[in-house]
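Before any comments, here is the structure.
The values are calculated or read from the model by the stated rules, or taken from the named source; none is laboratory data. Computed from a predicted model, the values in this text were never measured in an experiment. Counting neighbours? That spans all protein chains shown, and the Cβs are built from the backbone with ideal geometry, glycine included.
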Amino acid sequence: MENNTPVQKKRVLSMIQPTGVFTLGNYLGALKNFVALQEDYDCVYALADLHAITVRQDPAAFRKNTLSAYAMMLALGIDPEKSVFFIQSHVSAHAQLAWVLNCYTQFGELSRMTQFKDKSAKHADNINAGLFTYPCLMAADILLYNADYVPIGADQKQHLELARDIADRFNGIYSPTFTVPEGLIPKTGARIMSLQDPTKKMSKSDENTASFITMLDTPNEIMKKFKRAVTDSEACVRYGEGKAGINNLMGIYSCITGKTYEEIEKEFEGRGYGDFKTAVGEVVVNELAPIQARYNELMKDKAYLEKCYTEAAPRAEAIARRTLSKVMRKVGYLPLGR
Ligand code: TYM
């Protein structure tokens, strides 16, 4: 007998901070995956603008970056009808659940977060409470939507594990409330490294702009940055120990072309690093060109962008409210009379 019951798709959720132009690291580690997952999953994506103020933001630049990030996500192929793609600060349930989860997370757990340690070293003059409790807000983001899968780069793995622990703890104290999410971390691309110091991850907050490629870099800038990329003195394109720079370039090349490391080694056998760097630069330029063209078009239509995020907020809110109400009831809050 034929089964006509529609299959409930699994839910995917992820977010990104709109604090500047996204990097090639953001793209290969996470965003490329966001787009692909829309085919088979019920996807919820957002710009994590509440997270962004854990580091001081200039208000005008912040507003501009948020709109620009929204346009970039659409340019990449996030479909605002197929997926729910909203702005975190438009849905108040995130901040509300984050408060509740703060009270189910231990000081010791938050102290162990490597991102907190790194960021507090970097912003020693502003080690604010938000920076410390940031993972509770991220847990709220994920758990509100009962996400099954969370596509992220490797640097967010520890935060995801904490979200899982918090979900398990809450479910254990009360009764099953939250779905315990799983991370989706790509095999290649999960940790794209700085082009100037390949032992450090590529980051848009790096002072040295030659260390990262942004989604809006011109072809000329991209080629220049790859040509200057730090490698080693062996002059042989092969993946291996002590070759962090080349390994990173091979990772980038592999992510974009789909070629395996073996295939890349064969392709560049007997050829120098100059040739290889040019080839990596060219595939990146070609990958970004159509995205940049779509981005420029979208940025001309602010009314369309506003329409998309305005319509997305109540769709997100409807899902989030349901979970939040359940949590409030289980914790024992007295409901408002009607
Ligand atoms: P964020 O904004 O720093 O980065 C967004 C995504 O990009 C990935 N990423 C990288 N991947 C590979 N190589 C790199 N060099 C690289 N740099 C960044 C990140 O792993 C991330 O997946 N806390 C999160 C945002 C967030 C979130 C969430 C994510 C808020 N709430 C809920 C998932 C679910 C962050 O700051 O990512």
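Quick one: in segment 154-184, which of the residues that are under 14 Å from Val331 (Cβ atoms) and among the hydroxyl-bearing types (Ser, Thr, Tyr) is surrounded by the fewest Cβ atoms within 10 Å (Cβ to Cβ)?
Ser175
Is there a residue being surrounded by 16 or more Cβ atoms within 10 Å (Cβ to Cβ), at pLDDT 95 or above and in contact with a Cys (Cβ under 9 Å, 6 or more places away or on another chain) anywhere in segment 298-307?
No, the conditions are met nowhere in segment 298-307.
Limited to segment 309-328, what total is found for residues that are over 20 Å from Leu137 (Cα atoms) and more than 28 Å from the chain's Cα centre (by Cα)?
Total meeting the criteria: 0.
State which residue pairs qualify: first residue within 12 Å of Gly25 (Cβ to Cβ) and touching a residue at least 40 places away in the same chain (Cβ under 8 Å) and inside segment 145-156, second residue hydrophobic (A, V, I, L, M, F, W, C) and more than 7 Å from the ligand (Cβ to nearest atom) in any location, beta carbons under 6 Å apart, and separation of 6 or more residues or different chains.
Listed by first residue and then by second, the contacts come to Ala154/Ile185.
Suppose the filter is part of a helix (DSSP H, G or I) and of a type in the set (Ser, Thr, Tyr); does Ser254 pass it?
Details: part of a helix (DSSP H, G or I): yes; of a type in the set (Ser, Thr, Tyr): yes.
It is true that Ser254 is part of a helix (DSSP H, G or I) and of a type in the set (Ser, Thr, Tyr).
Restricting attention to helices (runs of 4 or more DSSP H) lying wholly within segment 105-158, give those where 3 or more residues are of a type in the set (Gly, Ala, Ser) and modelled with pLDDT of 95 or more. Spell out the reasoning first.
On the way: elements: 107-111, 114-122, 129-144.
Here the list reads 129-144.
Sort out which residues of segment 257-278 are surrounded by fewer than 19 Cβ atoms within 10 Å (Cβ to Cβ) and assigned to a helix (DSSP H, G or I), and write them in order of number.
Thr257, Tyr261, Glu262, Glu263, Glu265, Lys266, Glu267, Gly274, Asp275, Thr278
Against the conditions (1) over 23 Å from Ala293 (Cα atoms); (2) surrounded by 13 or more Cβ atoms within 10 Å (Cβ to Cβ); (3) of a type in the set (A, V, I, L, M), where does Leu67 fall short? Just the number, please.
(1)
If Gln38 meets every condition in (1) touching a residue at least 12 places away in the same chain (Cβ under 8 Å); (2) within 25 Å of Thr177 (Cα to Cα) apart from one, which number is that one?
It fails just one condition, (2).
Among the residues of segment 186-217, which ones are touching a helix residue (DSSP H, G or I) at 6+ places or on another chain (Cβ under 9 Å), over 17 Å from Lys122 (Cβ atoms) and in a loop (DSSP other than H, G, I, E, B)?
Taking segment 186-217 first, the residues touching a helix residue (DSSP H, G or I) at 6+ places or on another chain (Cβ under 9 Å) are 186, 188-205, 209-217.
Okay, now just the ones that are also over 17 Å from Lys122 (Cβ atoms), so 186, 188-193, 195, 198, 210, 213-217.
Within segment 186-217, Pro186, Thr188, Gly189, Ala190, Arg191, Ile192, Leu195, Pro198, Ile213, Met215, Leu216, Asp217 qualify.
I'd like to check something: does segment 302-311 contain any residue that is of a type in the set (S, T, N, Q), in a helix (DSSP H, G or I) and within 16 Å of Leu97 (Cα to Cα)?
First pass over segment 302-311, keeping only residues of a type in the set (S, T, N, Q): 310.
Checking the rest, the ones that are also in a helix (DSSP H, G or I) come to 310.
After this cut, where a residue has to be within 16 Å of Leu97 (Cα to Cα) as well, the list is none.
No, segment 302-311 contains no residue that is of a type in the set (S, T, N, Q), in a helix (DSSP H, G or I) and within 16 Å of Leu97 (Cα to Cα).
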